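Quick notes on the structure that follows.
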Amino acid sequence: MRRLPLTLLAAGLLASGIASAATTTIPATAVKTAEQLRDQALHDDTAYQVTASLTTEVGARLAGSEADRRAVDWAVAKFKELGYDKVYTEPVTYPLWVRRSEHAAIVAPFPQPLTLTALGYSPATPKGGLRAEVVRFDSLDALKAADPASVKGKIVYVDYHMERAKDGHGYGMGSAVRVAGPVLAAQKGAAGYLLRSAGTDAHERAPHTGVTGFRDPAKAIPAAALSNPDADQLTRVLAYGKPVTLKLDLDCGITGEYTGANVIGEITGRKHPDQVVAIGGHLDSWDLGTGAIDDGAGVAIAMAAGKLIRELPQRPDRTIRVIAFANEEMGLWGGRAYADKHAKEVAKFQLGTESDFGAGPIWRMSASVKPEARAAIGQIAKVLEPVGVAYDAGKPGGGGSDLSQMHAKGMAALSLTQDGTKYFDWHHTPNDTLDKIDPAELAQNVAVYAAFSYMAAQANGDFGSAPGAFANDGAGE
Ligand code: ZN
Ligand code: ZN
C-alpha cells in the first residue's frame, strides 16, 4: 500500500466520519471549569497544610515501621477530613527491612571515621564489623569490566559523580550505581559495597540512602552510601597509592514479612462512577528525613486536587481516585500490588499519573494515549500552558513511579515533569524536610493536577486504556 502522510490519512478518516466518532474531546464548559480550578488552586494552601501535617504528625515513615502504620491511619483520616466520598485500604505485603545502626572508619593508613548510611536490603556486617581493603572504580562500567580476582574479599567503592539537571536525568546512572552496583559486586565475590551517594549536593555530610537490587538475602553483601564530602575524603586517601583498609559496621537487615496498605480516597463520579482518573503519590518515605519532597508532596498534591474538585457544585462525570501507595521506596511494592489487583479493569482507567519528583513547578507534560485522544491532550495542554507547562508531543507519558505499573498494564498515562534541579541535593537524606518546599510551587502542582484530572473526568470519550495498549511506547526506557 502506498504510504499516505499521516495528516492526510487523519483528515481522510475524519472526513469519512469513522475517526470523528472515536475522537475524544473535552466540552467547552469543562474547559472553563478546569481554568477556574487551576486559578483557584494557585491561591489554595491545602497541599502545603497536608504536607506539613504528614511530616509533622507522622514524620519519617520507613515502610513497615511503626510510623508507617501511623501514616496509614493518618491518610485514612486526612481523606475523610478533606471530604472524600469513599476511603478504603488495600493490603500490600513485602519483606520488612530494618535499620538499627551504621558506622564506618578508615583503619589504615589514616585512621578516621566516615559518614555513611546503609542501603535498603543491605544485610548486617558480621559481629565486630567487616575489615577489608577498598578497591575503587569510577563507574559502574569499570566495575562490570573488573576481573573478579581484583575484587574478591574486598570492599568495592564506586565513585560516580551525579550532575544536577532540570529533568533529573543524572539519577538514571546514579540509581543504577546504587541498585545494580551492589549485586554486581556480590557476584564478583566482594565482601562489601560502598558508593558515593547518588545525590547532587557537594558540601553536606548527609548521605543519600535508597534501595539496592538485592532480592535474595543469601546473595546480598553489606552495602552503604558515603556522603559526598566523605567520598571526596576516601578518594583522596586512596590517591596516596597505599592499601586502604576500612572497617564497616552495619546493623540492619530483613527481619520477616510485613503487610501494609495502599490508602485510597475517591470523589465518586456522577455519570460513570466505575470509570476513574487515577492520581496519587507514595505514602512511605526513607527514615533519615521526614519525607517532605519524597513523597509527602506527591500525596498532598493529589489529595488537594481531589478536594478542589469535590468542592465544585456537582461531582465530576467520572470518579477521581487518589492513591497513597505503600512502600514505593523498596521496589514499587504498592504500585505492583495495585496493578496486579486491578489489571483486569485497566480499560476503566480513563487517564492517570502520579507525582513523585518533589515539589518543584511542573514544566513539561507528555502523554501516552490513543491517537484519537491527542486533540483532547492538546486541550489540556492549552489550560496548563499559562502556569508554565509545555506540552512535548514527542515523548511518552509514563504515569510516574507506582502508576507506571498500571500504565504497563495498558492505562493511558501522562508524565507531568517537575523542575528537579535541586531535588537530588536532598533526596533520601536527613535534609528531606518541609522547609525545602516552596508553597507557591506546590500550589502550581495542584493547579495542574486539578485541571487535568477534571478535564479527563469530563471528556467525551476515552484516552485509549486497554490491556497492553501502550506496551511499546518507550515509557519504561
Ligand atoms: Zn519517591
Ligand atoms: Zn524515594
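Derivation of every value follows stated rules applied to the coordinates shown; laboratory data play no part. What you see is a predicted model, and the numbers here were worked out from it, not measured in a lab. Don't worry about glycine lacking a Cβ; one is built from the backbone with ideal geometry, like all the others, and counts go over all protein chains shown.
The relative contact order of the chain comes to 23 percent, based on Cα pairs under 8 Å that sit 6 or more residues apart. The residue among Thr55, Tyr88, Ala105 whose Cα reaches farthest toward the positive pole of the charge dipole of region 38-139, with charges on the beta-carbon of Lys, Arg, Asp and Glu, is Ala105.
Length gained on full extension, Asn472 to Ala393, computed as 0.36 nm times the residue gap minus the Cα-Cα distance: 26.8 nm.
Extending 7 Å from the Cα toward the beta-carbon at both Ala28 and His103 defines two label points whose distance is 7.3 nm. For the chain, DSSP calls about 60 percent of its internal beta bridges antiparallel.
Across region 156-311, Cα-Cα distances exceeding 23 Å account for 53% of all pairs. Per the Cα gyration tensor, the chain maps to an equivalent ellipsoid with semi-axes of 43, 24, 19 Å, ordered largest to smallest. Between the amide H of Ala261 and those of Val92, distances stay under 5 Å, these residues lying 5 or more places away or on another chain, with hydrogens modeled in the peptide plane.
Take the Cα of Gln36, step 7 Å toward its Cβ, do the same at Ala142, and the gap between the two points is 6.1 nm.
Computed from the mean reciprocal separation of all distinct C-alpha pairs, what Kirkwood hydrodynamic radius does region 109-242 have, in Å? Present the calculation step by step, with values, prior to reporting the outcome.
Values: mean 1/r = 0.0675 Å⁻¹.
When all Cα pairs of region 109-242 are included, the Kirkwood radius is 14.8 Å.
Each peptide in 146-153, 366-373 gets a packing score, the mean of other Cβ atoms within 10 Å over its residues, and the list from highest to lowest is 366-373, 146-153.
Subtracting the Cα-Cα distance of Ala239 and Gln49 from 0.36 nm times their residue separation leaves 63.5 nm of extension gain. Taking every C-alpha pair closer than 8 Å and separated by at least 6 residues, the mean separation divided by the residue count of region 371-457 gives a relative contact order of 30 percent.
For region 264-315, the relative contact order is 41 percent, taking Cα pairs closer than 8 Å that sit 6 or more residues apart in sequence and dividing their mean separation by the residue count. Taken as Cα centroids, region 133-177 and region 294-370 sit 33 Å apart, rounded to the nearest whole angstrom. In order along region 305-320, the Karplus-derived 3J(HN,Hα) couplings, from 6.51 cos²θ - 1.76 cosθ + 1.60 at θ = phi - 60°, round to 5, x, 5, 4, 5, 4, 6, 5, x, 9, 5, x, 4, 10, 6, 9 Hz, and Gly and Pro are given as x. With semi-axes defined as the square roots of five times the eigenvalues of the C-alpha gyration tensor, the equivalent ellipsoid of region 8-161 measures 51, 30, 17 Å, largest first.
For the chain, the dipole from Cβ point charges (+1 on Lys and Arg, -1 on Asp and Glu) about the Cα centre works out to 1040 debye, to the nearest 20.
Taking amide H atoms as placed 1.01 Å from N in the peptide plane, the amide H of Gly400 lies under 5 Å from those of Glu354, each 5 or more residues away in sequence or on another chain. Computed over neighbours whose Cβ is under 14 Å from that of Lys409, the net charge equals 0, Lys and Arg +1, Asp and Glu -1. Between the beta carbons of Lys166 and Lys127, assuming R0 = 41 Å, the FRET efficiency works out to 0.35 to the nearest 0.05. Near the amide H of Ala108, within less than 5 Å, lie the amide hydrogens of Thr245, all on another chain or at least 5 residues away, with H placed in the peptide plane.
Beyond 27 Å between alpha-carbons counts as too far, so tell me which of Lys166/Lys382; Lys341/Lys422; Lys247/Lys436 fall in that bin. Don't skip to the end; give the middle numbers.
Values: Lys166/Lys382 22 Å; Lys341/Lys422 36 Å; Lys247/Lys436 34 Å.
Too far apart for the 27 Å limit: Lys341/Lys422; Lys247/Lys436.
In the chain, the DSSP-assigned H stretches of four residues or longer account for a calculated mean residue ellipticity at 222 nm of -10000 deg cm²/dmol, using -39500 (n - 2.57) per stretch and the full residue count as denominator.
Can you tell me the mean projection area, over all orientations, of the convex hull of region 239-303's alpha carbons? Units nm², please. Please report the intermediate quantities before stating the final value.
Working: hull surface 36.7 nm².
Mean orientational projected area (region 239-303, Cα hull): 9.2 nm².
Restricted to Cα atoms, region 93-186 shows a radius of gyration and a Dmax of 15.1, 46 angstrom. How tilted is helix 6-16 with respect to the longest principal axis of the chain? Cα atoms for both, answer in degrees (0 to 90, nearest 10). Long axis of 6-16 versus the principal axis of the chain: about 30 degrees.
Considering only Leu250, Ala239, Val276, the residue lying farthest towards the positive end of the dipole of region 215-359 is Val276, judged by Cα position with unit charges set on Cβ.
Using the Cβ-Cβ distance between Glu311 and Asp340 with R0 set to 22 Å, the FRET efficiency works out to roughly 0.05. Converting phi to 3J(HN,Hα) with the Karplus coefficients 6.51, -1.76 and 1.60 and the offset θ = phi - 60°, region 390-405 yields 9, 8, 9, 6, x, 10, x, x, x, x, x, 5, 5, 6, 4, 6 Hz in sequence order, with x at every glycine or proline.
For every other residue with a beta carbon closer than 10 angstrom to the beta carbon of Gln418, add +1 if it is Lys or Arg and -1 if Asp or Glu, then tell me the sum.
On the way: positive: Lys166, Arg364; negative: Asp167, Asp356, Asp419, Glu441.
Surrounding charge for Gln418 is -2.
Rounded to the nearest whole Hz, the Karplus-based 3J(HN,Hα) values (6.51 cos²θ - 1.76 cosθ + 1.60, θ = phi - 60°) of region 219-232 follow the sequence 9, 8, 10, x, 9, 8, 10, 7, 4, 4, x, 6, 5, 4, with x at glycine and proline. Projecting label points 7 angstrom from Cα along Cα→Cβ for Gln112 and Lys422 puts them 3.0 nm apart. Highest mean packing comes first when the peptides 420-426, 124-130 are listed by Cβ atoms within 10 Å, giving 420-426, 124-130.
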